[in-house]
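Below is one structure, written out as structure tokens; the observations come after it.
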Amino acid sequence: MTLSRLREALAQCATLLGPDRVCTGSTELAQANAATFMTEAVAPAILKPANRAHVAHCLRVANQYRVPVYPVSTGKNWGYGSAVAPQSGCMLLSLAGLDRIVDFDALAGRVRLEPGVTFQQLSTFLRDRSASFQPPYTGSGACTSVIGNIMERGIGKGLYEDMAAHVHACEALLANGETLTTKQDASGPHLFGLLPQSNLAVVVEITLQLEPAPQLSQLITFPIPGGIDALAQAIGPLHDTTMRGAPRSQLAFLNDYRIATQIERFPHGTLDPTAALPREWMRACLEPWHGAQWIGACTLWADDADELAWRRNAFGKALDARGLIPRLELPIDKPQLELDDDGLRCAYWRKTFPMPSNPDPDRDRCGVIWIAPVVPIGAPHLSTLIALLETTTLTHGFEPALALRSGHTGSLRLILGLFFDRDQTGADARALQCHAALQAVLHTAQIPRYRCSLLDHASNESDRGVRSAMAALKAHFDPHGILAPQRYCAP
């Protein structure tokens with residue numbers, strides 16, 4: 001790409017969209033080029049389409065002038081790269097202005113929405129209509145994009161463990177501006193599976209299948225004495241029990257550091273900020289769970305007290321068989337959630353100020369890197385892998401905030417967070433060194449990831465046949481390679 005082609009493309013986009021929808025100002029670009037870890041790529045401009053026709057215009061112009069574009073929804077992919085492109089020179093294609101909830105079928109429980117629609121917006125929409133469906137939500141914050149989470153194959157919470165599995169239909173634009181439509185109940189291949197975590201097209205609308213709202217929910221937490229080995233032995237039997245109650249049961253395991261980063265703040269002024277907290281401090285912090293290094297959490301949903309009691313008793317028997325003692329929380333009536341940003345507290349763990357009422361980890365220079373490997377339930381040497389991840393992180397001076405999510409499949413998703421303060425001298429460099437060391441651990445153990453950040457190279461984990469097939473698809477859908485080059489699929 002040459003500078004002259006970029007200027008011509010921006011001028012044509014300004015004519016088609018309006019000059020106020022093409023941003024080249026230094027302040028806004030600096031914000032868009034910032035992430036929660038050190039990056040190098042710089043975007044020269046931000047395109048802000050207001051509708052699908054605008055998006056098609058942008059793509060046709062980019063295709064004509066061979067200028068790469070990097071589509072983002074709300075740009076809040078915190079911990080994975082935010083809105084930063086994989087390489088310099090990409091025009092950011094911000095879809096935040098496409099924020100309509102297009103249609104809602106209250107009988108079928110399906111809602112059509114655009115990429116700029118946030119979890120909070122959808123939740124408010126359903127609540128205002130007294131809809132009998134549970135709104136999806138996630139730990140990434142209420143102001144993040146529903147479609148953005150789906151396209152990155154993010155993990156939902158509640159009844160939406162696998163957000164992408166709830167997609168009923170999708171409309172996307174190819175690099176030449178043409179429309180690709182997929183529907184789950186139509187005959188032929190379901191092409192939507194090609195779009196998440198790929199750079200084949202720009203999704204402009206999704207029809208989401210909602211889950212009926214349960215009437216009751218209950219959280220059960222339980223300490224797992226005995227450390228990592230006891231954890232590894234408990235996962236299989238407890239997963240089997242929750243699978244039998246799926247999707248109205250959800251199981252997770254969190255280590256002491258992960259819980260501490262969520263409910264406490266780093267003790268600045270007491271301990272060395274360049275070193276990881278010792279586990280002795282953790283034991284005092286987690287007294288309600290008897291100082292255990294690992295804590296399990298199971299959430300149950302039901303439509304009446306009898307169903308909840310049945311689910312609770314079934315899980316209680318599984319705990320009894322492992323010698324684990326539950327701590328029951330009071331049941332919650334009508335868990336139609338009021339969304340909040342509590343899931344972002346961990347991003348402020350190392351900051352010298354508490355999380356503000358309007359959190360923005362990019363703006364506040366929070367350091368966050370998520371590492372997301374996946375292993376089969378019952379994987380051999382699981383305890384060895386977890387011990388290596390924890391030890392490697394501690395060696396680099398960070399708390400290994402680790403959670404294990406047992407979904408409704410046979411896989412166990414590990415989520416390791418590195419939290420640091422980007423305003424602390426040297427923290428960025430140390431975090432990248434720690435990330436590289438952790439990636440080496442996963443590479444040696446041949447452990448894949450279910451989600452990648454800008455620091456990762458997803459194509460390296462695919463086998464030769466997958467890489468060949470994706471290259472052929474990329475050549476067909478995007479022959480000039482203008483869509484998010486180097487993100488997931490080559491080029």
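The values are calculated or read from the model by the stated rules, or taken from the named source; none is laboratory data. Since the structure is predicted, the reported quantities are computational estimates derived from the model, not experimental observations. We place every Cβ from the backbone using ideal geometry, glycine too, and count neighbours over all the protein chains shown. Side chains included, ligands, DNA and RNA excluded: accessible areas come from the protein's heavy atoms. Shrake-Rupley method; radii C 1.70, N 1.55, O 1.52, S 1.80 Å.
Please state the Cα pair-distance histogram of the stretch 21-83 with 5 angstrom bins from zero: what percent is in each bin?
For the stretch 21-83, the binned pair fractions read 4, 15, 25, 26, 18, 10, 2 percent.
Applying 1/(1 + (r/R0)^6) with R0 = 60 Å to the Cβ-Cβ distance of LEU3 and SER383, what FRET efficiency is obtained, to the nearest 0.05?
Step by step, r from the Cβ atoms, then E = 0.65.
In a solvent-free Debye calculation with one equal scatterer on each Cα, what is log10 I(q)/I(0) for the stretch 367-491 at q = 0.12 Å⁻¹, listed in the order of the q values?
Each listed q corresponds, in turn, to -0.54.
Could you give the alpha-carbon Rg of the stretch 56-150 over 2.2 N^0.38 Å, rounded to two decimals?
1.26
Please report the net charge: other residues with Cβ closer than 12 Å to the Cβ of SER123, K and R +1, D and E -1.
Computed value for this residue: -1.
Given the stretch 210-369, what whole percent of its Cα pairs are spread farther than 22 Å?
Here the long-distance tail beyond 22 Å is 52 percent of all Cα pairs in the stretch 210-369.
Straight-line reach from LYS183: which lysines have Cα under 26 Å away, leaving out those fewer than 8 places along the same chain?
Once the sequence-local lysines are set aside, what remains near LYS183 is LYS157, LYS474.
Nearest 0.05, what FRET efficiency do ARG127 and GLN233 give at R0 = 35 Å with Cβ-Cβ as r?
Efficiency, from the Cβ-Cβ distance: 0.25.
Give the separation of the Cα centroids, the stretch 110-139 to the stretch 257-292, in Å.
For the stretch 110-139 versus the stretch 257-292, the Cα centre distance is 35 Å.
The chain: longest stretch without exposed GluC sites (Glu not before Pro) (DSSP loop, at most 13 other Cβ within 10 Å), sites themselves excluded?
The longest such stretch corresponds to 339-491.
Can you give the local net charge around GLY410? Use residues other than it whose beta-carbon is closer than 14 angstrom to its beta-carbon, Lys and Arg +1, Asp and Glu -1.
0
What does the C-alpha gyration tensor say about the overall shape of the stretch 1-121? Classify as rounded when a/c is under 1.5, otherwise prolate if a/b is larger than b/c, or oblate.
oblate
Tell me whether the stretch 57-107 comes out rounded, prolate or oblate; compute the Cα gyration tensor, take square roots of the eigenvalues as a ≥ b ≥ c, and use a/c under 1.5 as the rounded threshold.
oblate
Net charge near GLY236, counting Lys/Arg +1 and Asp/Glu -1 over other residues with Cβ under 14 Å of its Cβ?
Value of the local net charge: 0.
Output the relative contact order of the chain, whole-number percent, from Cα pairs under 8 angstrom with separation of 6+ residues.
Once divided by the residue count of the chain, the mean separation gives 18 percent.
Could you work out what % of the accessible surface of the chain is carbon and sulfur, using a 1.4 angstrom probe and leaving DNA, RNA and ligands out of the count?
53
Would you kindly state how much longer the chain becomes between ARG283 and ILE447 on full extension, computed as 0.36 nm times their sequence separation minus their alpha carbon distance, in nm to one decimal?
56.0 nm
If each residue of separation counts as 0.36 nm, what is the full-extension length gain between LYS183 and ARG327 once their alpha-carbon separation is subtracted?
Full-extension gain reported as 47.5 nm.
Determine which residues of the stretch 196-226 fall in the zone a paramagnetic label at ARG244 would reach in this model, i.e. backbone nitrogen under 19 Å from the point 7 Å along Cα→Cβ.
Residues 220 qualify, since their backbone N sits under 19 Å from the label point.
Under 23 Å from the Cα of LYS351, which lysines turn up, not counting those fewer than eight places away in the same chain?
LYS76
Quote the charge dipole size of the stretch 59-126 about the Cα centre in Debye, to the nearest 20; the model charges only the Cβ of Lys and Arg (+1) and of Asp and Glu (-1).
Once rounded to the nearest 20, the dipole reads 200 debye.
Quick one: accessible area per residue over the chain, 1.4 Å probe, rounded to a whole number of Å²?
Roughly 42 Å² per residue, with all protein chains present.
Using a simple charge model, +1 on the beta-carbon of Lys and Arg, -1 on the beta-carbon of Asp and Glu, nothing else, what dipole does the chain show about its Cα centre, in debye to the nearest 20?
800
With runs of 4+ DSSP H residues as the only contributors, calculate the mean residue ellipticity of the chain at 222 nm using -39,500 (n - 2.57) per run, divided by the residue total and rounded to the nearest 500.
Value at 222 nm, helices only: -9500 deg cm²/dmol.
Within the chain, which is the longest segment containing none of the trypsin sites (Lys or Arg not before Pro) that sit in a DSSP loop and have at most 12 other Cβ atoms within 10 Å?
Longest stretch, sites excluded: 130-362.
Rounded to the nearest 20 Debye, what is the dipole magnitude of the stretch 291-347 about its Cα centre when Lys and Arg each give +1 and Asp and Glu each give -1 at the C-beta?
460
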